[in-house]
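Visitor: Please read through the structure below; I'll follow up with questions.
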Amino acid sequence: QFDPTSIAILDTNSAIPAQQIKAPPPPLRVPVRVTRYAPGQIDLQLDSAPPAGSALIVSENYFPGWTAAVDGRAALVDRAEYNLIGVQLPASARQVSLRFDDPAYERGKVITLLALVASLILVAVGVVRGRTRDPA
């Protein structure tokens with residue numbers, strides 16, 4: 001029987017090393033605390049070090065652009081459980097930092113803000129012109 005607390009499903013093309021198993025391993029009991037949760041930023045603290053070969057599954061939608069650091073060192077990040085974030089953990093892992101940076105998303109935000117400013121300017125110009133017209 002599949003138990004999501006002890007097994008993670010990874011794509012066969014995943015960058016995170018995985019192995020096929022014949023029987024489910026016992027679940028890891030490594031408590032994880034969220035120390036920071038903000039848009040595009042997640043910091044996690046593991047209460048104890050996991051065994052080698054472990055992966056942390058974060059319940060946040062995966063999208064290309066997520067990067068991870070484990071104890072300050074870059075770590076592999078990939079899709080896990082079909083749409084969640086998976087992070088490869090070394091045996092000594094205690095802190096995990098996730099950051100989201102997508103240049104296309106940032107460009108989209110700038111374009112949206114510029115369009116909003118342009119719209120506000122056009123509305124302001126229309127209001128000023130409407131007030132200065134002669135009532136002829």
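We did not get these values from a lab; they are worked out from the coordinates using the rules stated. None of the values given here were measured: they were computed from a predicted structure.
Visitor: What length, rounded to one decimal in nm, is gained on full extension from L28 through to V123, with 0.36 nm per residue of separation minus their alpha-carbon distance?
Guide: Details: separation 95, 0.36 × 95 = 34.20 nm, distance 5.89 nm.
Additional length available on full extension: 28.3 nm.
Visitor: A follow-up question, please. Apply the Karplus parameterisation 6.51 cos²θ - 1.76 cosθ + 1.60, with θ equal to phi minus 60°, to every residue of segment 36-46 and state each ³J(HN,Hα) to the nearest whole Hz, in sequence, with x for glycine and proline.
Guide: 7, 9, 9, x, x, 9, 9, 10, 10, 10, 8
Visitor: Once phi is turned into θ = phi - 60°, what whole-Hz ³J(HN,Hα) does the Karplus curve with 6.51, -1.76 and 1.60 give for every residue of segment 118-130, x standing for Gly and Pro?
Guide: 4, 5, 4, 5, 4, 5, 4, 4, x, 5, 5, 5, x
Visitor: Using modelled amide H (1.01 Å from N, peptide plane; none on Pro or chain starts), what sits under 5 Å from the amide H of L76, excluding residues fewer than 5 places away?
Guide: Residues meeting the amide H criterion: Q88.
Visitor: What are the ³J(HN,Hα) values, in whole Hz, obtained from phi via the Karplus relation 6.51 cos²θ - 1.76 cosθ + 1.60 with θ = phi - 60°, for each residue of segment 101-108 in sequence order, with x given for Gly and Pro?
Guide: 3J(HN,Hα) across segment 101-108, in whole Hz: 9, 10, x, 5, 5, 5, 4, x.
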